[in-house]
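Here is the structure we will look at, set down as structure tokens.
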Amino acid sequence: MTRRFLILSFAVGLLALGGLNAQATQIDITSGAGLDNFVPPPSDNFAIVGNLKFSDFNYTQSPTGSPPSAHNVTVSSFTSVPGEPGIDFGGVFTAAAMTTVDYHIFFTVSTTDGSLINDAYLKLGGFGFNGVPPGGTGTGSATIKEDITDAKGNAITTSPLLFQVFSPSSPTTLTVSLLTPETTILVEKDIIVNGGDNGASFSIINQGFSTVPEPASMALLGIGLSGLFALRRLFRRTSVA
């Protein structure tokens with residue numbers, strides 16, 4: 001009986017410990033944090049910027065192991081564009097001369113207040129040709145194509161291929177409206193760096209999202225304001241009487 005009790009207690013302890021290890025943790029990205037804090041393992045950690053929660057991150061490179069590693073990609077709060085809070089990915093995404101490197105970044109965005117995400121902002125920055133002085137030329141390039149879907153995997157941009165930024169050509173900044181505003185969206189970035197004749201790299205991906213109140217919440221707010229207005233009129237009539 002004692003032995004059975006000890007075994008049972010040990011099993012329960014292991015399950016509890018496993019539950020603690022699997023607990024999701026909010027990561028403070030105000031001053032930046034490594035992407036390795038979010039990608040497996042662990043995979044449940046998240047960050048919050050304004051009314052947006054960023055979670056379920058994943059990061060892959062092809063060829064496998066191409067720099068930067070997840071540890072060398074910094075995730076920071078992005079607040080420099082009014083009405084488009086989000087996150088910033090910073091790192092040296094690079095391809096040597098005559099090579100191409102493909103990076104994929106996946107994450108989920110959800111609102112913390114029930115509002116709806118209705119557009120997405122994307123910017124590529126810090127582009128340059130490897131070993132070439134500022135203002136120099138090369139044949140390399142960088143492109144970010146973005147696919148945004150709802151929680152069920154349905155595309156909610158007009159076309160993934162239309163939502164892209166690239167350099168050295170333009171545009172390097174783009175804002176796209178979502179076909180259906182959602183409380184939760186899935187974002188997949190396909191980042192391609194072509195080294196060209198001298199090699200190429202870039203260092204900044206800014207990502208923001210705007211939100212609008214959920215219609216039902218607006219209706220409730222309207223009802224509440226109407227009630228307050230009616231109550232105020234009643235008090236005025238009572239005071240006059």
*Taking the radius of gyration and the Kirkwood hydrodynamic radius from Cα positions alone, what is the Rg/Rh ratio for the range 93-189, to two decimal places?*
1.06
_Semi-axes of the equivalent ellipsoid for the range 23-231, Cα gyration tensor, largest first, Å_ = 35, 19, 15
*Fraction of antiparallel bridges per DSSP, the range 20-92 only, in percent to nearest 5*: 90
*asked:* On a straight-distance basis, which aspartates and glutamates could pair with K152 in a cross-link, Cα separation under 17 angstrom, same-chain partners fewer than 8 positions away excluded?
replied: D56, E182, E188
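All of the numbers you see were taken from the coordinates with simple rules; none came from a lab. If you're wondering where the values come from, they're calculated on a predicted model, not measured in any experiment.
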